[in-house]
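Worksheet: the structure to be examined is printed underneath.
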Amino acid sequence: MYSAMDYVYRVYKEKSFTKAAKALFVSQPALSASVKKTEEELGAELFDRRSSPVSLTEAGKAYIEAAEQIYAVMANLKERIDDINSLKTGAITVGGTNFVSSCVIPEIVKNYTAKFPGIKLDLVESTSENLKNLALAGEADAVIDYDFDGELFEITPMREERIYLSAAKDSPVAAALAAHALTAADIRKGRAESVPALDLSAVEDASFLLLKKGNDMHDRAVRIFREAAVRPHVVLMLDQLMTSYNLSCKGLGMAFVPDTLIEAAPQRNAVYFRICSPHAKRTLAVARKKGRYRSKALGAFIAAAVETFGGKNMG
């Protein structure tokens with residue numbers, strides 16, 4: 001059963017009375033009448049119906065701000081009631097990049113849902129930058145990613161990752177750098193340190209596949225190149241880490257990949273190169289907005305995330 005506030009808020013979200021009515025499964029005249037009644041009770045119009053799409057008036061902006069505060073209070077109340085039910089019911093929203101959602105979250109979800117089958121998990125995929133904004137806006141309960149601002153987030157480390165450069169085994173660059181090449185087995189079995197790290201000046205003329213801005217790996221690549229005073233020849237800028245990795249294994253260029261991905265998806269036609277840089281290490285963590293109520297369901301998920309990875313490489 002929807003309230004008058006729900007009707008107003010849906011029109012605001014959809015920017016259309018017609019779309020809002022469809023989303024709420026009510027007739028447009030009924031929705032319009034409800035909104036009009038609310039406006040009459042308040043003594044002010046909430047929407048400028050002459051604009052397309054429909055926009056908020058100043059009074060409308062104040063109403064939506066108050067509505068969001070009410071929804072936040074009600075959401076916290078529901079979480080607390082879910083706690084009373086001892087994790088028998090509840091819901092949490094967890095965000096991750098495409099890579100995290102593919103290679104990290106599935107194992108956590110498997111372990112978590114085995115213990116708490118009644119908890120509903122909603123997963124959100126996006127860029128690192130957008131995921132953190134969603135968490136700060138309260139639209140994601142937790143995010144699994146890297147480089148969180150400790151002033152804004154409560155951070156629980158899961159594991160430390162090492163970042164490598166990948167290339168196709170049969171590529172010219174791999175042949176030229178054979179003395180530095182590692183296999184997925186070398187990395188998985190902890191033998192990477194036995195092979196000399198790669199001097200990036202040796203691959204200044206190589207082709208590179210980088211991620212676009214907004215991704216943690218993009219920022220790290222920029223810092224690594226800057227530190228080495230290397231101007232890379234970038235042939236493609238991509239959205240997804242998995243895509244850059246797969247393309248590098250096909251010989252289209254070198255790509256930055258974490259050991260988590262190498263271990264989860266080792267490629268037969270790939271070799272890897274160790275990078276000596278502080279930016280080639282990063283901590284995978286699960287984080288939540290500081291000061292926000294933490295439900296038992298979310299606390300159990302964070303514990304499952306740490307338990308699943310067992311603090312790997314966190315020494």
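Hey, among the residues in the stretch 100-154 that are in a loop (DSSP other than H, G, I, E, B) and without any contact (Cβ under 8 Å) to a residue 24 or more places away in the chain, which one's farthest from LEU211 (Cα to Cα)? Applying the filter and picking the extreme gives PRO117.
State yes or no: is LEU252 in a strand (DSSP E or B) and assigned by TED's automatic domain parsing to the domain that holds LEU200? In short, no. Is it the case that some residue within the stretch 141-148 is farther than 30 Å from VAL195 by Cα, surrounded by fewer than 17 Cβ atoms within 10 Å (Cβ to Cβ) and at pLDDT 95 or above? Scanning the stretch 141-148, I find no residue that is farther than 30 Å from VAL195 by Cα, surrounded by fewer than 17 Cβ atoms within 10 Å (Cβ to Cβ) and at pLDDT 95 or above, so the answer is no. Here ILE64 clears all of (1) out of contact with any Leu (no Cβ under 6 Å at 6 or more places or on another chain); (2) more than 19 Å from GLU14 (Cα to Cα); (3) in contact (Cβ under 8 Å) with a residue 40 or more places away in the chain except the condition numbered (2). On inspection, VAL286 passes the criterion of being under 20 Å from the mean Cα position of the chain (by Cα), modelled with pLDDT of 95 or more and part of a strand (DSSP E or B).
Within the stretch 133-145, is there a residue that is farther than 30 Å from ALA280 by Cα, touching a Gly at 6+ places or on another chain (Cβ under 6 Å) and not small (Gly, Ala, Ser)? The answer is no, given that none of the residues of the stretch 133-145 is farther than 30 Å from ALA280 by Cα, touching a Gly at 6+ places or on another chain (Cβ under 6 Å) and not small (Gly, Ala, Ser). Once the stretch 231-246 is narrowed to residues that are assigned to a loop (DSSP other than H, G, I, E, B) and surrounded by fewer than 16 Cβ atoms within 10 Å (Cβ to Cβ), the residue that is nearest to the chain's Cα centre (by Cα) is ASP239. Look at the stretch 38-51: where a residue is part of a strand (DSSP E or B) and a partner is among the hydroxyl-bearing types (Ser, Thr, Tyr), sitting 6+ places away or on another chain with Cβ atoms under 6 Å, you get ASP48/SER55; ASP48/THR57. The residue that is surrounded by the fewest Cβ atoms within 10 Å (Cβ to Cβ), counting only those in the stretch 71-117 that are in contact with an Asp or Glu (Cβ under 6 Å, 6 or more places away or on another chain) and under 27 Å from GLU263 (Cα atoms), is ASN98. Within the stretch 262-279, the set of residues being assigned to a helix (DSSP H, G or I) and buried (at least 21 other Cβ atoms within 10 Å of the Cβ) comprises ILE262 only. Only a single criterion out of (1) more than 14 Å from ARG288 (Cα to Cα); (2) of a type in the set (A, V, I, L, M); (3) modelled with pLDDT under 95 is not satisfied by ALA137, namely (1). When TYR164, TYR112 are checked against the criterion of being aromatic (Phe, Trp, Tyr), within 20 Å of PHE301 (Cβ to Cβ) and either touching a helix residue (DSSP H, G or I) at 6+ places or on another chain (Cβ under 8 Å) or not assigned by TED's automatic domain parsing to the domain that holds LEU210 (or both), a single residue qualifies: TYR112. Do we find that ALA297 is outside the structural domain of ALA185 (by TED's automatic domain parsing), at pLDDT 95 or above, of a type in the set (A, V, I, L, M, F, W, C) and farther than 19 Å from ALA197 by Cα in this structure? So ALA297 fails the test.
The values are calculated or read from the model by the stated rules, or taken from the named source; none is laboratory data. Note that the structure is a prediction, hence the values are computed from the model and not measured. Note: ideal-geometry Cβ built from the backbone for every residue, glycine included; neighbour counts use all protein chains shown.
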